[in-house]
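Written below as structure tokens is the structure these notes are about.
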Amino acid sequence: MTRPYNFSAGPAAIPSEVLEQAAAEMLDWHGSGMGVMEMSHRGKEFLSIYEKAEADLRELLAVPSHFKILFMQGGGLAENAIVPLNLSRAGVVDFVVTGSWSQKSQKEARKYASEVNIVATGEDTGFTTVPDPASWTVSRGASYLHLCSNETIHGTEFHQLPDLKALGSDAPLVIDFSSHVASRPVDWSRVGLAFGGAQKNLGPAGLTLVIVREDLLGHALPACPSAFDYKIVADNQSMYNTPPTWGIYIAGLTFQWLKRQTEGGLTGVAAMEQRNIAKATLLYNAIDQSQLYVNKVAANCRSRMNIPFFLRDESRNDAFLAGAKERGLLQLKGHKSVGGMRASIYNAMPLAGVQALVDYMREFEQKHA
């Protein structure tokens with residue numbers, strides 16, 4: 001069976017090899033007589049799945065030993081509340097606002113922090129740029145600084161995380177890396193906490209990943225629910241409440257798939273980064289060389305994962321989408337808040353899928369020139 005190419009922003013495509021293995025193991029995981037969804041989360045079978053998933057992720061992302069890996073629920077949106085409940089200490093928190101997701105984050109944090117300071121924003125450019133860290137106005141004594149390192153809707157990405165100490169801030173950096181986790185390495189020397197929903201690059205909706213430095217544990221506000229207290233979750237190996245077992249299992253299979261990937265002598269996440277650069281370059285070049293399509297994001301902060309683009313003649317939008325669907329190119333409609341088109345080209349999207357999209361875009365432009 002030839003599957004179409006799914007450009008959905010999330011829930012997004014999962015590698016075919018992962019889906020095939022999950023299908024084969026659906027009724028009976030490794031001779032246990034149970035499917036993973038039927039297992040006790042405290043049984044030896046699932047614990048072996050959990051422990052391998054955690055170890056593989058730590059290896060893939062080179063997570064240092066003084067960081068805890070937590071498998072939680074609620075998605076990235078819930079973490080907008082869970083982070084300040086754990087880290088704000090009811091004090092001042094800093095935010096860099098670069099699009100819809102960081103806007104949501106700072107609004108939610110205002111419920112728990114005494115003050116939210118917007119140190120920089122790209123709103124004046126319609127979120128088509130990422131403010132240069134040299135221009136940020138950081139707070140003294142902030143509990144943390146939050147940024148969304150890849151904005152799924154507006155298509156901007158921090159290709160290098162800021163060095164907060166160089167900016168005069170001792171605050172830990174919190175990053176929402178939901179939409180580009182495992183697409184490139186992480187500089188953990190600059191990060192205090194990273195979180196992300198799994199449904200874009202790691203697996204199905206329902207699983208949330210939190211990677212947090214140990215010294216940031218144990219400071220939850222009294223009102224923080226126990227199931228969302230990072231220290232309690234860490235102390236219980238993500239088993240304080242029943243974890244999203246199926247999501248952890250599929251993520252674990254995805255981690256194994258990632259470890260098998262190679263590109264130009266590189267393996268794992270380093271290989272994926274090279275592949276993702278090639279895919280993004282191919283699509284951006286096609287857009288930039290076109291007379292019909294346009295991407296409005298500044299070249300130095302274009303996302304490698306989420307590429308929004310617009311037809312200069314928007315009366316042709318419906319025809320473009322209909323033709324794409326006929327070609328097996330799915331979920332290209334842009335987010336309702338910005339319109340246009342959006343191609344999300346996460347790890348599971350092969351270069352051939354991006355090439356198929358580029359070929360279609362060129363044919364559509366020639367036909368409608």
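The values are calculated or read from the model by the stated rules, or taken from the named source; none is laboratory data. Just so it is clear, the structure is predicted and the values come from calculations on it, not from any experiment. FYI the Cβ positions are ideal-geometry reconstructions off the backbone, even for glycines, and counts take in every protein chain you see. With ligands, DNA and RNA removed, areas are computed over all heavy atoms of the protein, side chains included. Shrake-Rupley method; radii C 1.70, N 1.55, O 1.52, S 1.80 Å.
Note on segment 323-369: among residues that are small (Gly, Ala, Ser) and more than 21 Å from Phe127 (Cβ to Cβ), the one that is modelled with the lowest pLDDT is Ala369.
Just one of Arg58, Arg42 is under 21 Å from the mean Cα position of the chain (by Cα) and at negative phi; which is it?
After applying the criteria, what remains is Arg58.
Among the residues of segment 274-288, is there at least one that is closer than 30 Å to Met39 by Cα, out of contact with any strand residue (DSSP E or B) (no Cβ under 8 Å at 6 or more places or on another chain) and small (Gly, Ala, Ser)? No: zero hits.
Selection of helices (runs of 4 or more DSSP H) fully inside segment 225-333 by the criterion of at least 1 residues being under 20 Å from Glu17 (Cα atoms) returns 245-260, 268-288. Of the residues making up segment 206-216, one or more are open to solvent by 50 Å² or more (accessible area, probe 1.4 Å) and among the basic types (Lys, Arg).
Which residues, counting only those in segment 258-283, are in contact with a helix residue (DSSP H, G or I) (Cβ under 8 Å, 6 or more places away or on another chain) and open to solvent by 20 Å² or more (accessible area, probe 1.4 Å)? Answer for segment 258-283, where residues must be in contact with a helix residue (DSSP H, G or I) (Cβ under 8 Å, 6 or more places away or on another chain) and open to solvent by 20 Å² or more (accessible area, probe 1.4 Å): Lys259, Gln261, Thr262, Glu263, Gly264, Leu266, Thr267, Arg275, Ala278, Leu282. Within the set Val63, Val83, the sole residue that is under 24 Å from His335 (Cβ atoms), open to solvent by less than 20 Å² (accessible area, probe 1.4 Å) and touching a helix residue (DSSP H, G or I) at 6+ places or on another chain (Cβ under 8 Å) turns out to be Val83.
Among all positions in segment 318-334, there is at least one residue which is in contact with a Pro (Cβ under 9 Å, 6 or more places away or on another chain), among the small types (Gly, Ala, Ser) and in contact (Cβ under 8 Å) with a residue 60 or more places away in the chain.
The set of residues from segment 108-124 being more than 14 Å from Leu145 (Cα to Cα) and free of Cβ contacts under 8 Å to residues at least 12 places away in the same chain comprises just one member, Asp124. When Ser100 is tested against (1) crowded, with 21+ Cβ neighbours inside 10 Å; (2) among the hydroxyl-bearing types (Ser, Thr, Tyr); (3) in contact (Cβ under 8 Å) with a residue 60 or more places away in the chain, only condition (1) is not met. Whenever a residue of segment 240-262 is within 13 Å of Ile14 (Cβ to Cβ), its partners that are among the hydrophobic types (A, V, I, L, M, F, W, C) and open to solvent by 10 Å² or more (accessible area, probe 1.4 Å), lying with C-beta atoms within less than 8 angstrom and at least six residues away or across chains, give the pairs Trp246/Met37; Gly247/Ala205; Tyr249/Ile49; Ile250/Ile14; Gly252/Ile49; Thr254/Ile14; Phe255/Leu60; Leu258/Leu60.
Taking the stated definitions as given, is Ala223 of a type in the set (A, V, I, L, M), crowded, with 23+ Cβ neighbours inside 10 Å and either in contact with a Cys (Cβ under 7 Å, 6 or more places away or on another chain) or on the phi < 0 side of the Ramachandran plot (or both)?
So Ala223 does not fit the description; no.
The one condition from (1) in contact with a Ser or Thr (Cβ under 6 Å, 6 or more places away or on another chain); (2) open to solvent by 10 Å² or more (accessible area, probe 1.4 Å) that Asn306 does not meet is (2). Candidates in segment 8-52 are the residues that are of a type in the set (Asp, Glu) and assigned to a loop (DSSP other than H, G, I, E, B); of these, the one that is nearest to Leu329 (Cα to Cα) is Glu25.
Exactly one residue among Lys367, Lys325, Lys336 is surrounded by fewer than 17 Cβ atoms within 10 Å (Cβ to Cβ), within 21 Å of Ile153 (Cβ to Cβ) and out of contact with any Ser or Thr (no Cβ under 8 Å at 6 or more places or on another chain), and that residue is Lys336. Residues in segment 172-184 that are open to solvent by 10 Å² or more (accessible area, probe 1.4 Å) and over 21 Å from Gly10 (Cβ atoms): Pro172 only.
Picking from residues in segment 22-57 that are in contact (Cβ under 8 Å) with a residue 12 or more places away in the chain and basic (Lys, Arg), the one that is least open to solvent (accessible area, probe 1.4 Å) is Lys52. Those strands (runs of 3 or more DSSP E) of segment 162-223 in which 3 or more residues are under 10 Å from the mean Cα position of the chain (by Cα) occupy 193-197.
Looking only at segment 53-102, residues that are within 26 Å of Arg140 (Cβ to Cβ) and of a type in the set (A, V, I, L, M) come to 10 in all.
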